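To start, the structure under review is shown below, and the notes come after it.
The values are calculated or read from the model by the stated rules, or taken from the named source; none is laboratory data. Bear in mind the structure is a predicted one, so any value in this text is a computation, not a measurement. When we count neighbours, we look across all protein chains shown, and the Cβ atoms used for this are built from the backbone with ideal geometry, even at glycine. What goes into the accessible areas is simple: the full protein's heavy atoms, side chains included, and nothing from ligands, DNA or RNA. Shrake-Rupley method; radii C 1.70, N 1.55, O 1.52, S 1.80 Å.
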Amino acid sequence: MKKTIPFIIILFILLVGVVIGSSSMVITNEDEYTLVKQFGKIDRVISEAGLSFRIPFVETTSTIPKQILLYNLAPSDVITRDKKTMICDCYVLWEITDALKFAQSLNMSLGNAESRIDTVVYNATKNVISSMTQEEVISGRSDALQNEIIETIGTSVQQYGIRILEVETKRLDLPSDNKTAVYERMISERDNIAATYTAEGESEAKVIRNETDKQVAIMISNAEKEAELLRAKGEGEYMRILSEAYSDESKAEFYDYTRSLEAAKEALRGGNKTLILAKDSPLAQIFY
């Protein structure tokens, strides 16, 4: 019995040592911060993953996320520069950058952080949208809108130890009661613009056609003038040759003979091959 008591004491001491040793170890994962508190007050922040130690029964630990977080804002109304209402539905990607500041300012509550993000993002979105017309918002949805919202937010949330990475718009639309009217107005405006372009195009086409017709008329007139000159020149040449032929008796007789043959040839065209000539006909002279 006396030998058993020391063994029990040793076993108890070992057990206490194991409990104390295990309770003094702190394991920090890659996706979290570990905050070590001493009597309820934050003493230090462990941001590197791995094994560390704390004073058992004196220091306690808690964790907050280190990864990128997603927060969905509730759909809300925003007013454009031309006093038109639109529905904005977006989400935010954010992260904790300063665990100590986050814990001190927001009491380590993700809900408190999301409440601050909701207010800041809504105000920034409202300010950006209010500087644009409804048509600009509808036709200009792009990264430029998100970038402007991020720029408007600036460093306003850094005081809470957090950072907003992205503000993405899931839906930026018209209220259902006036959506049809707005789209019809925009279609009408586009139709008017198209009609203006069409009218300007037709006017320009008419000017081009008139200019082309004018150039064609000038070319035809010049061609006809050139043709008349060539005909006059040809007739002049013909008359010169004819004059030369008749001025020489030997040529004149041959020319008459040739013309008479041509006339006889023309008279014998067709199915009738009979040629009847008067005795004193100049054409009959070629057969004597």
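Rg over Rh for the range 25-107 works out to 1.24, both radii taken from alpha-carbon positions and Rh defined as the Kirkwood radius. Note on Glu48 and Ser76: with the Förster distance fixed at 25 Å, the Cβ-Cβ geometry gives a FRET efficiency of about 0.05. Using the Karplus relation 6.51 cos²θ - 1.76 cosθ + 1.60 with θ = phi - 60°, the per-residue 3J(HN,Hα) values for the range 146-154 come to 5, 5, 5, 5, 4, 5, 5, 5, x Hz, with x marking Gly and Pro.
The H on the amide N of Met108, modeled in the peptide plane, is under 5 Å from the matching H of Ala103, each at least 5 residues off or on a different chain.
Summing charges over neighbours of Lys233, with a neighbour being any other residue whose Cβ is under 14 Å away from its Cβ, gives -1 when K and R count +1 and D and E count -1.
Just to confirm, what accessible area per residue do you get for the range 67-216 at 1.4 Å probe, in whole Å²? Present the calculation step by step, with values, prior to reporting the outcome.
Details: 8760 Å² over 150 residues.
Per-residue accessible area for the range 67-216 comes out at 58 Å².
Coupling constants for the range 78-84 follow from the phi torsions by the Karplus curve (6.51 cos²θ - 1.76 cosθ + 1.60, θ = phi - 60°), and in residue order they are 10, 10, 7, 4, 8, 6, 10 Hz; glycine and proline get x. Potential lengthening of the chain between Ile193 and Lys214 amounts to 4.4 nm, from the contour at 0.36 nm per residue minus the alpha-carbon distance. The H on the amide N of Asp43, modeled in the peptide plane, is under 5 Å from the matching H of Val36, Lys37, Gln38, each at least 5 residues off or on a different chain. Extension gain, Ser221-Glu244: 0.36 nm per intervening residue step, less the Cα-Cα distance, totals 4.8 nm.
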